[in-house]
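J.: Sharing a structure, written as structure tokens. Questions coming.
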Amino acid sequence: MAILLLADHDNAHLSDQTAKALTAAGQIGSDVHVLVAGSGARAAAEQAAKLSGVTKVLLADDASLANNLAEPLAALIVSLAGSYDAIVSAATSVGKNVLPRVAALLDVAQVSEIVEVVSADTFKRPIYAGNAIQTVQSTDAKKVITVRTASFAAAGEGGSASVETVSAAANPGLSTHVQDALSSSDRPELTSAKIIISGGRALGSSEKFQEVILPVADKLGAAVGASRAAVDAGYAPNDWQVGQTGKVVAPQLYIACGISGAIQHLAGMKDSKVIVAINKDEEAPIFQVADYGLVADLFDALPELEKAL
Amino acid sequence: MKLLVPIKRVVDYNVKIRVKADGSGVELANVKMSMNPFDEISVEEALRLKEAGKAEDVVVVSIGPAKAEETLRTALAMGADRAVLVETEDQVEPLAVAKILKGVAEAEQPGLVIVGKQAIDDDSNQTGQMLSALLGWAQATFASKVEIGDGSANVTREVDGGLQTIEVKLPAVVTTDLRLNEPRYASLPNIMKAKKKPLDRKTPADFGVDTSPRLKVLKTEEPSGRKAGVKVKSVAELVDKLKTEAGVL
């Protein structure tokens with residue numbers, strides 16, 4: 001089985017999401033080629049070549065691939081697809097955007113967000129916000145798969161694959177990039193952090209969110225998450241949202257502060273190793289999944305926690 | 001410009017679903033059904049574009065059982081002009097849904113298709129992207145802002161690192177994310193009026209689409225559950241437990 005794994009990267013750095021998706025790809029088949037599509041992306045390609053289990057890296061370097069626009073990226077993947085039995089990507093915003101387009105162009109039913117590889121054609125995936133797990137067998141000759149990376153460990157380094165350049169496909173020219181407004185932060189990424197501290201609606205304002213959550217995050221070296229309610233209310237940016245339709249995380253320690261625990265939020269964090277809930281309402285559903293629950297006002301508890309660390 | 005809005009009838013987002021004991025699927029009998037929340041956002045966005053004078057006609061389409069008519073009537077009550085029901089009792093996978101929608105789009109000739117980014121039942125997040133591919137149109141997924149220009153649209157997208165704005169040529173497919181808008185409720189007079197709005201009935205065969213599944217569902221099971229742990233009395237006890245018992249600090 002030859003597998004094409006689409007890399008997530010920002011040209012300079014390969015995302016560790018790719019190392020996790022690589023683990024899943026390696027369970028589907030042993031001949032894994034990583035596609036690094038970008039502009040000035042050789043550094044990312046060289047990082048991919050070092051991952052253990054990669055047999056070849058394909059580098060497509062072209063201005064049309066600079067911003068992960070779906071149409072030129074899908075056209076590139078389809079142009080390469082003939083040699084592969086499966087096309088795999090991490091279920092990141094890039095993978096989720098482009099892979100269904102690839103699947104439709106190849107007339108393949110995609111298997112989204114797999115959490116387990118049962119065999120080369122059979123996978124487990126969550127449905128209904130993770131309240132049920134489906135085992136599905138793909139009957140298509142070619143597979144198109146996105147991987148929920150929280151369910152797979154990152155592949156290590158130690159590989160020395162060759163980097164081969166491939167040409168970009170003709171750009172359909174249907175869309176252009178206008179601008180990015182990306183958050184910059186020294187904190188770890190949500191999807192790779194070992195510790196996450198998340199805030200909910202109980203924070204009450206963006207100022208309070210920053211004042212109460214961030215110092216604890218900095219003390220712990222933690223990433224910061226938020227519930228949908230907190231993001232909708234404007235207390236936290238969209239890319240902090242953890243849940244069914246936001247990011248799915250599985251850190252060593254997840255601290256939920258003032259989050260009631262709607263099923264949509266639990267869907268994004270219930271595979272965390274240890275869950276701590278701090279909430280004033282002792283009936284909050286979050287306590288049903290928490291290993292350690294503290295019934296307390298978070299405006300008292302969090303400053304105290306910061307001092308105790 | 002005409003706007004086409006596909007909507008899906010799903011288990012209401014407040015319902016805690018139950019997996020059937022024999023592993024054959026999820027219990028859907030006597031469960032409250034509603035419009036997929038992302039599709040409500042799509043309908044709302046279409047209505048706002050119409051109210052802003054950017055579009056004249058909002059057509060909603062659903063692929064599903066006869067009861068999906070209720071969901072379409074809800075969209076009509078919100079303010080959509082016309083509905084198409086593609087009736088089938090089968091479970092239709094996103095690829096086949098996209099093929100049917102392509103047929104509907106070719107018949108209706110919309111300037112923009114606005115579709116929810118994912119349905120909260122199968123959580124696939126595929127249909128909009130697939131439809132866009134089959135039509136050979138541009139796609140703008142996970143939209144939190146849509147601005148219609150002359151022959152193009154600027155769409156701000158929610159991406160992993162923050163926000164990305166792209167310009168797409170029209171016609172295009174936009175998939176909606178949570179922050180795009182807050183959907184309105186239908187008023188009682190509008191619910192009454194919606195009963196008289198036109199609704200066309202079609203079948204997948206009318207569009208020449210085979211809806212046989214490509215994915216064989218072998219089993220549906222409960223996720224491995226988590227049990228509630230212990231309540232701690234103080235921050236000091238919490239820190240102590242995290243250090244000594246859980247070993248995560």
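The values are calculated or read from the model by the stated rules, or taken from the named source; none is laboratory data. Given the structure is predicted, the values throughout are model-derived calculations rather than measurements. Cβ coordinates were reconstructed from backbone atoms using ideal geometry, including for glycine residues, and neighbour counts include every protein chain displayed. Ligands, DNA and RNA are stripped out before the accessible areas are found, and what is left, the full protein with its side chains, is counted by its heavy atoms. Shrake-Rupley method; radii C 1.70, N 1.55, O 1.52, S 1.80 Å.
J.: Of B:17, A:110, A:38, which is farthest towards the positive pole of the protein assembly as shown's charge dipole, taken about the Cα centre with +1 and -1 on the beta-carbons of Lys, Arg and Asp, Glu respectively?
T.: B:17
J.: Can you work out the PRE-style zone for residue B:230? Point 7 Å along Cα to Cβ, and I want the residues of the stretch A:272-287 with backbone N under 19 Å.
T.: It comes to A:273-279, A:287, nothing else.
J.: Under a 1.4 Å probe, what is the accessible area of the stretch B:2-246 per residue, stated in Å²?
T.: Per-residue value: 44 Å².
J.: A further question follows. Pick out, in residue order, every one of the GluC sites (Glu not before Pro) in the stretch B:50-89 that is DSSP loop and has at most 15 other C-beta atoms within 10 Å; say none if there are none.
T.: Here the sparse-neighbourhood loop sites are B:56, B:89.
J.: Additional query: Please work out the FRET efficiency for the pair residue A:219 and residue B:1, using the Cβ-Cβ distance as r and a Förster radius of 45 Å; give the result to the nearest 0.05.
T.: 0.25
J.: Then there's this: Compute the orientation-averaged projected area for chain A from the convex hull of its Cα atoms and round it to one decimal in nm².
T.: Mean projected area of the Cα convex hull: 15.9 nm².
J.: So what's Rg/Rh here for the stretch B:163-249, counting alpha carbon atoms and using the Kirkwood radius for Rh?
T.: Expressed as Rg/Rh, it is 1.21.
J.: Along the charge dipole of the stretch B:2-246, which of B:189, B:42, B:204 sits closest to the positive end, that is, farthest toward it, with unit charges on the beta carbon of Lys, Arg, Asp and Glu (+1, +1, -1, -1)?
T.: In the stretch B:2-246, that residue is B:189.
J.: Using helices alone, what [θ] at 222 nm do you get for chain B, with -39,500 (n - 2.57) per DSSP H run of 4 or more residues, divided over all residues and rounded to the nearest 500?
T.: -8000 deg cm²/dmol, from helical runs alone.
J.: Can you tell me what the convex hull of the Cα atoms of the stretch B:4-88 projects to on average, as an area in nm²?
T.: For the stretch B:4-88, averaging the hull's shadow over all directions gives 6.0 nm².
J.: With r as the distance between the Cβ atoms of residue A:283 and residue B:246 and R0 = 25 Å, compute the FRET efficiency 1/(1 + (r/R0)^6) and round to 0.05.
T.: 0.55
J.: Starting from the Cα of residue B:184, step 7 Å toward the Cβ, then list every residue of the stretch B:68-112 with an amide N under 15 Å from that point.
T.: Answer for the stretch B:68-112: B:74-82.
J.: Using each residue's phi in the stretch B:83-88, evaluate 6.51 cos²θ - 1.76 cosθ + 1.60 at θ = phi - 60° and report the 3J(HN,Hα) Karplus result to the nearest Hz, with x for Gly and Pro.
T.: 10, 10, 10, 9, 8, 7
J.: For chain B, which longest stretch is free of loop sites, where a loop site is one of the trypsin sites (Lys or Arg not before Pro) that DSSP puts outside H, G, I, E and B and that has at most 16 other Cβ atoms within 10 Å?
T.: B:68-183
J.: With +1 on each Lys and Arg Cβ and -1 on each Asp and Glu Cβ, how big is the dipole of the protein assembly as shown about its Cα centre, in debye rounded to the nearest 20?
T.: Once rounded to the nearest 20, the dipole reads 860 debye.
J.: Right, something else. Count neighbours as other Cβ atoms within 10 Å of each site's Cβ, and list the GluC sites (Glu not before Pro) in the stretch A:212-309 that are DSSP loop with at most 13 such neighbours.
T.: Passing both the DSSP loop test and the Cβ count: A:282, A:283.
J.: Another one. Using a 1.4 angstrom probe and counting only protein chains, how large is the accessible area of residue B:224 in Å², to 10?
T.: 110
J.: Rounded to the nearest 5, what % of DSSP beta bridges with both residues in the stretch B:2-246 are antiparallel?
T.: Among the beta bridges of the stretch B:2-246, antiparallel pairing accounts for roughly 40 percent.
J.: Need one number: % antiparallel among DSSP beta bridges in the protein assembly as shown, to the nearest 5.
T.: The antiparallel proportion sits near 35 percent.
J.: Moving to a separate point now. Ignoring ligands, DNA and RNA and using a 1.4 Å probe, state the total buried accessible area between A and B in Å², rounded to the nearest 100.
T.: When A and B are taken together, about 6800 Å² of accessible area is lost.
J.: Summing Lys, Arg as +1 and Asp, Glu as -1, what charge do residues with Cβ under 11 Å from the Cβ of residue A:29 carry, residue A:29 excluded?
T.: -2
J.: Between residue A:137 and residue A:252, 0.36 nm times their residue separation minus their Cα-Cα distance comes to what?
T.: Gain in length upon complete extension: 38.3 nm.
J.: What part of the accessible area of the stretch B:2-246, given as a whole %, is carbon or sulfur when the probe is 1.4 angstrom?
T.: 49
J.: Shifting gears a bit: Using C-alpha positions alone, give me the convex hull volume of the stretch B:2-246 per residue in cubic angstrom.
T.: Spread over its residues, the Cα hull of the stretch B:2-246 gives 186 Å³ apiece.
J.: Which entries of B:117/B:227; A:50/B:216; A:219/A:280; A:270/B:32 have Cα-Cα distances beyond 28 Å here?
T.: Beyond 28 Å: B:117/B:227; A:50/B:216.
J.: Dipole size in debye (nearest 20) for the stretch A:115-202 around its Cα centre, Lys and Arg Cβ +1, Asp and Glu Cβ -1?
T.: For this selection, approximately 380 debye.
J.: Right, next: About its Cα centre, what dipole magnitude does the stretch B:2-246 give when the only charges are +1 on Lys and Arg Cβ and -1 on Asp and Glu Cβ, stated in debye to the nearest 20?
T.: So the dipole magnitude of the stretch B:2-246 works out to roughly 540 debye.
J.: In the stretch A:99-133, what residues drop by 50 Å² or more of accessible area when the other protein chains are put back, versus the chain on its own? Use 1.4 Å, and skip ligands and nucleic acids.
T.: A:100, A:101, A:104, A:107, A:109, A:128, A:131, A:133
J.: For a quick check of your reading of the filter: which trypsin sites (Lys or Arg not before Pro) in the stretch A:200-286 sit in a DSSP loop and have no more than 15 other Cβ atoms within 10 Å?
T.: A:273, A:280
J.: Where the accessible area of the stretch A:59-161 is counted over protein heavy atoms with a 1.4 Å probe, how much of it, in %, is carbon and sulfur?
T.: Roughly 45 percent of what the probe reaches on the stretch A:59-161 is carbon or sulfur.
J.: Which whole number gives the average, over all residues in A:283-289, of C-beta atoms from other chains lying within 10 Å of the residue C-beta?
T.: Per residue, the average neighbour count from other chains is 2.
J.: Let me ask something additional. Return the average number of partner chain Cβ atoms within 10 angstrom of each residue Cβ along peptide A:86-97.
T.: Partner-chain Cβ atoms within 10 Å, mean over residues of A:86-97: 3.
J.: Please find, in a Gaussian network model of chain B (springs between Cα atoms separated by less than 10 Å), the residue of B:78, B:192, B:35 whose mean-square fluctuation is greatest.
T.: In this elastic network of chain B, the residue with the biggest mean-square fluctuation among B:78, B:192, B:35 is B:192.
J.: What distance in nm lies between label points placed 7 Å from Cα along the C-beta direction at residue A:63 and residue B:48?
T.: 3.4
J.: I'd like the projected area of the stretch A:1-115, averaged over all directions, using the convex hull of its alpha carbons. Report it in nm² with one decimal.
T.: If I average the Cα hull's projected area over directions, I get 6.1 nm².
J.: Okay, next question. Can you compute the modelled spin-label distance between residue A:194 and residue A:2, with each label point 7 Å from Cα toward Cβ, in nm?
T.: Using points 7 Å along Cα→Cβ, the separation is 4.0 nm.
J.: Under a 1.4 Å probe, what is the accessible area of the stretch A:51-169 per residue, stated in Å²?
T.: 30
J.: Rounded to the nearest 500, what is chain A's calculated 222 nm mean residue ellipticity when only DSSP H runs of at least 4 contribute -39500 (n - 2.57) each, over all residues?
T.: -7500 deg cm²/dmol
J.: Just round it to a whole percent: the fraction of Cα-Cα distances in the protein assembly as shown exceeding 43 Å.
T.: Percent of Cα pairs beyond 43 Å in the protein assembly as shown: 17.
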